[in-house]
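Everything on this sheet refers to the single structure shown next.
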Amino acid sequence: MRRVLAVLVENEPGVLARIAGLFSGRNYNIESISASPTQDPGATHITITTTGDAVIFEQIVKQLRKLVCVIKVIDFTDISSVMRSLVFIKVHTDETKRGEVLRIAEIFRCKVIDVSLSDLTLEVTGDHAKLQAIIQLLQNFGIKEMAFGGTVAMRRSMQGNQREK
């Protein structure tokens, strides 16, 4: 099962390495990890996408809470939130297929960020399902390269039934 966590940590050197080390030391998988500053200069917001069953996920949360540098851990599983991921996709497009790839890009609200005679590079943002759908469609044309930027998540405002872990 795919899960997304937000971890608010103290903004100090080595914190991201400690978080990643916790996962690798216990053989947990990180699907994506994204770190960014917050409005508080003393804190960093880390979004982690991971996979595993309920028992593994519970252990991940418990282990994260034990780290001295961790201020708060939020599990986005049962709360109303917004999540977006970024991916660059380089697709093979000769002149006969370029129009079809551009129509798909328009439907998925992608940005064309690079063009050559043999391929297009698209910037796609959206939730996990949207990214998987466009990747599946573009595989028919030949994906040359992909680069994922990780997931960013935040609770929706004004929600009464929110759970923090």
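Points to keep in mind about this one:
- Test for ILE30: is it in contact with a helix residue (DSSP H, G or I) (Cβ under 6 Å, 6 or more places away or on another chain), farther than 23 Å from ARG156 by Cα and without any contact (Cβ under 8 Å) to a residue 24 or more places away in the chain: yes
- Residue in region 63-78 that is under 30 Å from GLU145 (Cβ atoms) and either in contact (Cβ under 8 Å) with a residue 12 or more places away in the chain or in contact with a Ser or Thr (Cβ under 9 Å, 6 or more places away or on another chain) (or both) present: yes
- Pairs meeting the criteria (first residue in region 133-157 and closer than 21 Å to HIS92 by Cα, second residue of a type in the set (Phe, Trp, Tyr) and part of a strand (DSSP E or B), beta carbons under 6 Å, at least 6 apart or on different chains) are ALA147/PHE88.
- Residue that is surrounded by the most Cβ atoms within 10 Å (Cβ to Cβ), among those in region 116-131 that are of a type outside the set (A, V, I, L, M) and over 20 Å from SER34 (Cα atoms): ASP119
- Verdict on LYS66 being charged (D, E, K, R) and either in contact with a Phe, Trp or Tyr (Cβ under 9 Å, 6 or more places away or on another chain) or within 19 Å of VAL152 (Cβ to Cβ) (or both): no
Here, each number is a calculation from the coordinates, and none is a lab measurement. Computed from a predicted structure; not experimentally measured. As a convention, Cβ positions derive from the backbone with ideal geometry for all residues, glycine included, and neighbour counts pool all protein chains shown.
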